[in-house]
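Engineer: Quick one: the structure is below, and I'll ask about it shortly.
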Amino acid sequence: MPSLKANDKAALDRALEAGLQPRNTGRSRGQIVTTPGLPGQKASFRTLIDKTGALTQAGSYFYAQRQQQAPNRQYDPTQRPVRASRGRSEYVTLRDGTHVTVRTPHDK
């Protein structure tokens, strides 16, 4: 696995210095952090945990710098989906306690 590029490390360092917190991405198991841009550049983001729940190189670096364990965004594949109390969506609970929609039936 190739190492993290210097510009990615610098971007993550800027996010850490600014105290920015990671956030979950939509309905997937991913997690990102906003990275402030250099003067004259727009802010961007780095993926810490990909959509499958796997920790990325950026995530390993970010959480190591924070001296913190990354959240486990995996799920138990043997669990049964639970129907949401409102609507028709079904979700599973990830090992970090968050819920992720796995199925939403659509009328045809």
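Throughout, read-outs are computed from the coordinates displayed, never taken from laboratory work. These numbers were taken from a predicted model, which means no experiment stands behind them. Note that each Cβ is placed from the backbone with ideal geometry, even for glycine, and that neighbours are counted across all protein chains shown.
Engineer: Hey, how much of the P(r) for the chain falls beyond 21 Å, as a percent of Cα pairs?
Structural biologist: Pairs farther apart than 21 Å: 45 percent.
Engineer: Sticking with this one: Equivalent ellipsoid semi-axes for segment 6-65, as square roots of 5 times the alpha carbon gyration tensor eigenvalues: give them largest first, rounded to whole Å.
Structural biologist: Here the semi-axes work out to 19, 13, 9 Å.
Engineer: FRET efficiency for Ser44 and Thr101, Cβ-Cβ distance as r, R0 = 30 Å, nearest 0.05?
Structural biologist: 0.65
Engineer: Sticking with this one: Roughly how far apart, in whole Å, are the Cα centres of segment 52-108 and segment 1-51?
Structural biologist: For segment 52-108 versus segment 1-51, the Cα centre distance is 19 Å.
Engineer: By how many degrees, 0 to 90 and rounded to 10, does the Cα axis of helix 6-17 deviate from the longest principal axis of the chain?
Structural biologist: So the inclination is approximately 80 degrees.
Engineer: Suppose R0 equals 22 Å; then what is the FRET efficiency for Gln67 and Arg23 from their Cβ-Cβ distance, rounded to the nearest 0.05? Don't jump to the answer; show the numbers that get you there.
Structural biologist: Working: r = 20 Å, r/R0 = 0.91.
Rounded to the nearest 0.05, the efficiency is 0.65.
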